[in-house]
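For reference, the structure discussed in these notes is given below.
All of the numbers you see were taken from the coordinates with simple rules; none came from a lab. Computed from a prediction, not measured in an experiment: that's the story for all the values here. Every residue, glycine as well, gets a Cβ built from its backbone with ideal geometry; the counts of neighbours run over all protein chains shown.
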Amino acid sequence: MKVRDKKHTWTGCSTNFNTHGLGEAIVGFDGDGGMDSMFISELEVFIPSLGIWKDMKQAFNDKDLIPDNYNTMFAEPKDDKDRERGYF
């Protein structure tokens, strides 16, 4: 999924949580190819089904993003059952 910092100074992609950090996602940066772990509260995510950038923490609260059942990855819910259940 496309992500960016809230200051809009860079973009990247992320689909995985940092399993060794609390509330962090692993981000791959566009351009230089580097990777880092960042707090979810510092990121915005592009939600393709809505066509908007949204605060990542709020996207999880609204269930526009949900984790897998191992809590290692995240994605948009594929259907209403996934959204209701809160994981895929």
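For this structure, a couple of remarks:
- Think of the chain as a dipole: +1 on every Lys or Arg Cβ, -1 on every Asp or Glu Cβ, centred on the Cα centre; then among Phe29, Gly12, Ile66, Ile66 lies furthest on the positive end.
- The chain: equivalent-ellipsoid semi-axes (sqrt of 5 x gyration tensor eigenvalues, Cα, Å): 21, 15, 11
- With at most 11 neighbouring Cβ atoms within 10 Å, loop trypsin sites (Lys or Arg not before Pro) (DSSP) excluded, longest segment of the chain: 8-77
- Relative to the Cα centre, the charge distribution of the chain, modelled as +1 at Lys and Arg Cβ and -1 at Asp and Glu Cβ, gives a dipole magnitude of about 120 debye.
- Whole-Hz ³J(HN,Hα) from phi, Karplus 6.51 cos²θ - 1.76 cosθ + 1.60, for the range 12-19, glycine and proline x: x, 9, 7, 9, 10, 7, 7, 6
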